[in-house]
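Novice: Sharing a structure with you now.
The values are calculated or read from the model by the stated rules, or taken from the named source; none is laboratory data. Note that the structure is predicted; figures quoted are calculated from it, not measured. Here Cβ is always computed from backbone atoms with ideal geometry, including for glycine, and neighbour counts include all displayed protein chains. Areas reflect the complete protein model, heavy atoms only, side chains present, ligands, DNA and RNA absent. Shrake-Rupley method; radii C 1.70, N 1.55, O 1.52, S 1.80 Å.
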Amino acid sequence: FLIDTTEVTRGHFRNLMGWLPASNGEDCQNCPVGDVTWFDAVVFCNARSKRGGFDTVYSWISATRDSLGSVVDLAGFATDETKDGFRLPFEVEWEWASRGGLESRAWPWGDDSASVDFNAWSKGNAREIAKSVATKRPNGYGLYDMAGNVWELVGDRYAAYDLLGADTHVPL
C-alpha cells in the first residue's frame, strides 16, 4: 500500500474541500488538519480520488453535517476496497507504517521514550498546539509525525493481530 509521508495539512484540506474546521484557524497552513470527523476524512479521500482521476473507495446516499460543516453521518455508507482511489489506512497498515521498519514495541523511532522531543510533538513540547508537519525526524520509511501532533484516523477499528510474531494490541 502507499501512504502519504506527512499528515494532511490544513492548506491541502482547505484547498480541496473548500472549508476548514473552525478550531484549525488560518495561521498555519502547513500544520496538520485537526478536529475532523471520521466521516470528514472519508469525504476528503473521495474528493482527492476524484481530483486525481481515480475511482472512489467510499460511497453513500446522503451526508448529515453539523452547524460548523463537519460531516457527522453518511447514510447508506459503503466501502469498495477493490477501487484504486484514496482511502484511510487500515489500523494494521498504519501500525506497520508507523514503526518504520523497526521491530520496536514502544515508539515509531525505537524503544527510547526519552528521545520523544527529537521525534514527535507531544503535550510536553507542543503546548497542545498543532505544529507544522515534517519538523521532527522521519521514521525509517521516511514518514513524519507518526506519533504525536494530531490524532490519526484509520479505516477500521481496533483489532488484535500478529504483526511482529506476537500478539500486538493497539487501542484506538
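Novice: Pairs only if they're at least six apart or on different chains, beta carbon under 9 angstrom, first in region 36-62 and over 14 Å from Asn15 (Cα atoms), second in a helix (DSSP H, G or I) and aromatic (Phe, Trp, Tyr); list them, first residue then second.
Specialist: Val36/Phe13; Val36/Phe44; Asp40/Phe13; Trp60/Phe39
Novice: Would you please list the contacts, defined by Cβ atoms under 9 Å and residues six or more apart or on different chains, that run from a residue in region 114-128 that is within 11 Å of Gly148 (Cα to Cα) to a residue that is among the hydroxyl-bearing types (Ser, Thr, Tyr) and open to solvent by less than 30 Å² (accessible area, probe 1.4 Å)?
Specialist: As it stands, the answer is none, since no pair meets every condition given.
Novice: On the given criteria, is Gly124 open to solvent by less than 80 Å² (accessible area, probe 1.4 Å) and assigned to a loop (DSSP other than H, G, I, E, B)?
Specialist: Here the answer is no, as Gly124 does not meet what is asked.
Novice: Which residues, counting only those in region 97-121, are in a loop (DSSP other than H, G, I, E, B) and either at pLDDT 85 or above or not basic (Lys, Arg) (or both)?
Specialist: Gly100, Gly101, Leu102, Glu103, Ser104, Ala106, Pro108, Trp109, Asp111, Asp112, Ala120, listed by residue number.
Novice: Give the residue, chosen from Trp19, Trp94, that is crowded, with 19+ Cβ neighbours inside 10 Å, hydrophobic (A, V, I, L, M, F, W, C) and at pLDDT below 95.
Specialist: When all the criteria are applied, what remains is Trp94.
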